[in-house]
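Below you'll find the structure, written out as structure tokens, and then a few comments.
The values are calculated or read from the model by the stated rules, or taken from the named source; none is laboratory data. Values in this document were obtained by computation on a predicted structure and should not be read as measured data. Positions of Cβ are backbone-derived with ideal geometry, glycine not excepted, and every protein chain shown enters the neighbour counts.
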Amino acid sequence: MNDKKLSTDSYKGVRDFYPADMAIQRYIFDTWAKTAESFGFERYDASILEPSDLYKAKGAENEEMVNEQTYTFTDRGEREVTLRPEMTPTVARMVAARRRELAFPLRWYSIPSLYRYERPQRGRLREFWQLNCDIFGGDTVAADIEMIALAYQIIIDFGAMPDMFTIKINSRKLMQEQITDKLINADLFPNYLRLMDRKNKISIGEFKLEEKKLLQDGIELTVSVNDEVNAILTGLENLGIKNAEFDPTITRGFNYYTGTVFEVFDTHPDNNRAMLGGGRYDNLTSMFEGEPVSGIGFGMGDVPMQNFLETHNLLEGKIKSAGTQVVIIPMTAEQNIFAQSVAMQIRQAGASVSTDIGTQKVDKKKARASERGSQYIIVVGENEVNSNQLTIKNLQTGEEKTGLIKEIISLI
């Protein structure tokens, strides 16, 4: 017999969610959903399992991602399957599957769990949840403005002020128009985008050295704002959003982006990192049969979102206690069933009620109910069982009232 004890540690890069942790996650998810739905977005979901070909289809770069950064395996039917590392290919597949039945433009959102085999670090884990919002069939710049406005409003709805974050905007289309003919070879355009993405993470000298390897001799490259990016910045300002700016180093990692790309950064020096990112991908549904449908969207991870909220002390007073509204406390085990009967009657009237059937002393049970944030307690002993008269105590005010069960229910 193997007497080796199992470790209580979770798998590297994932989290256990105890009730206090779940309360924070639920607050984040609820705020995400409420704001997305206030913009008219509808919720959808899909399986965490996808055929690996869905991610390999966009070329060698994505195939490398599948091979090195995803959880991919062969199932019992000899099919290669991947735990979804992102949601955009999935929603593109879903839209393409029913494009003839859907009324465009679509506004869809989801909060999926995603999986990437990466080195765990601040803001990045192997299992995480992400708010995904997308507009399909919005071909004009108005969709780009609305999508960025939604990202802005979500952060504001957590209690943030505009100076706590900045929105950085660029355009893949703009970059291609202004850079391609200055490269040694047009095929080096993806390489230049990756270099620009690293510009703020390396020294100026290293950037210039790498840039020189990609540009034609004698070229000093600058990127200027075009009409499309100007229209987005102006549109956002007209909506009262004044913390957006053009930044040519924003390029995004996936090659399916075709136009506008954007990221939102925390401005606090202790957490100066991207919180969300997205962009326009007008050709993604062309992987499937039928006419392509334009799309623009973003993803916002729960880990960087929580880091932002904690850095700016925006969680204080916002997390609802896990305690039930009413706790019934039997004095001895003999009153447990009667206490549960009382709980059932109050619960049927619409309140949340729990019965503390533990073996601790009554004072300990009262203290625990208070610590968990419950509003009321009802202590049940032999007198209560015999008389059907109950005393309810408001833990916030200390006020007590006595009456029959129906009278108690009317007080809650």
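Structure above, values below:
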{"read-out": "Members of segment 132-165 that are within 20 Å of the chain's Cα centre (by Cα), β-branched (Val, Ile, Thr) and surrounded by fewer than 16 Cβ atoms within 10 Å (Cβ to Cβ)", "value": "156"}
{"read-out": "Check on residue 270, in contact (Cβ under 8 Å) with a residue 40 or more places away in the chain, of a type in the set (Asp, Glu) and buried (at least 21 other Cβ atoms within 10 Å of the Cβ)", "value": "no"}
{"read-out": "Residue check, residue 252 assigned by TED's automatic domain parsing to the domain that holds residue 202, in contact (Cβ under 8 Å) with a residue 12 or more places away in the chain, among the basic types (Lys, Arg) and crowded, with 21+ Cβ neighbours inside 10 Å", "value": "no"}
{"read-out": "Segment 346-367, residues that are more than 38 Å from the chain's Cα centre (by Cα) and either in a helix (DSSP H, G or I) or of a type in the set (Gly, Ala, Ser) (or both)", "value": "362, 363, 364"}
{"read-out": "Those residues of segment 75-91 which are of a type in the set (Asp, Glu) and part of a strand (DSSP E or B), in sequence order", "value": "80"}
{"read-out": "Those residues of segment 250-259 which are at pLDDT below 85 and either of a type outside the set (Phe, Trp, Tyr) or under 15 Å from residue 225 (Cβ atoms) (or both), in sequence order", "value": "252, 253, 255"}
{"read-out": "Residue match in segment 32-46 (condition: at pLDDT 95 or above, assigned to a helix (DSSP H, G or I) and aromatic (Phe, Trp, Tyr))", "value": "yes"}
{"read-out": "Any hit, segment 277-289, residues being free of Cβ contacts under 8 Å to residues at least 12 places away in the same chain and surrounded by fewer than 21 Cβ atoms within 10 Å (Cβ to Cβ)", "value": "yes"}
{"read-out": "Residue satisfying condition, being closer than 19 Å to residue 19 by Cβ, among the acidic types (Asp, Glu) and without any contact (Cβ under 8 Å) to a residue 40 or more places away in the chain, within set 356, 363", "value": "356"}
{"read-out": "Residue list for segment 199-218, restricted to those being over 23 Å from residue 176 (Cβ atoms) and part of a helix (DSSP H, G or I)", "value": "204, 205, 206, 209"}
{"read-out": "Failed condition for residue 22, given (1) at pLDDT 90 or above; (2) of a type in the set (A, V, I, L, M, F, W, C); (3) buried (at least 17 other Cβ atoms within 10 Å of the Cβ)", "value": "(3)"}
{"read-out": "Strands (runs of 3 or more DSSP E) within segment 260-307 that include 1 or more residues modelled with pLDDT of 95 or more, more than 21 Å from residue 85 (Cβ to Cβ) and out of contact with any helix residue (DSSP H, G or I) (no Cβ under 8 Å at 6 or more places or on another chain)", "value": "260-266"}
{"read-out": "Flag for residue 146 being of a type in the set (Asp, Glu) and within 21 Å of residue 300 (Cβ to Cβ)", "value": "yes"}
{"read-out": "Qualifying residues in segment 319-338 (those that are touching a helix residue (DSSP H, G or I) at 6+ places or on another chain (Cβ under 9 Å) and not in a loop (DSSP other than H, G, I, E, B)) - the one nearest to residue 29 (Cα to Cα)", "value": "326"}
{"read-out": "Scan of segment 229-249 for residues that are in contact with a strand residue (DSSP E or B) (Cβ under 6 Å, 6 or more places away or on another chain) and modelled with pLDDT under 90, ordered by number", "value": "248"}
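This table checks each residue for (1) in contact with an Asp or Glu (Cβ under 7 Å, 6 or more places away or on another chain); (2) assigned by TED's automatic domain parsing to the domain that holds residue 262; (3) β-branched (Val, Ile, Thr); (4) within 16 Å of residue 221 (Cβ to Cβ).
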| residue | (1), (2), (3), (4) |
| --- | --- |
| 162 | no, yes, no, no |
| 165 | yes, yes, no, no |
| 179 | no, yes, yes, yes |
| 182 | no, yes, no, yes |
| 189 | no, yes, no, yes |
| 192 | no, yes, no, yes |
| 198 | no, yes, no, yes |
| 203 | no, yes, no, no |
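Yes/no matrix, rows are residues, columns are (1) over 20 Å from residue 284 (Cα atoms); (2) assigned by TED's automatic domain parsing to the domain that holds residue 97; (3) among the aromatic types (Phe, Trp, Tyr); (4) out of contact with any Gly (no Cβ under 9 Å at 6 or more places or on another chain):
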| residue | (1), (2), (3), (4) |
| --- | --- |
| 9 | yes, no, no, yes |
| 14 | yes, no, no, yes |
| 27 | yes, yes, yes, yes |
| 35 | yes, yes, no, yes |
| 38 | yes, yes, no, yes |
| 43 | yes, yes, no, yes |
| 55 | no, no, yes, yes |
| 67 | yes, no, no, yes |
| 79 | yes, no, no, yes |
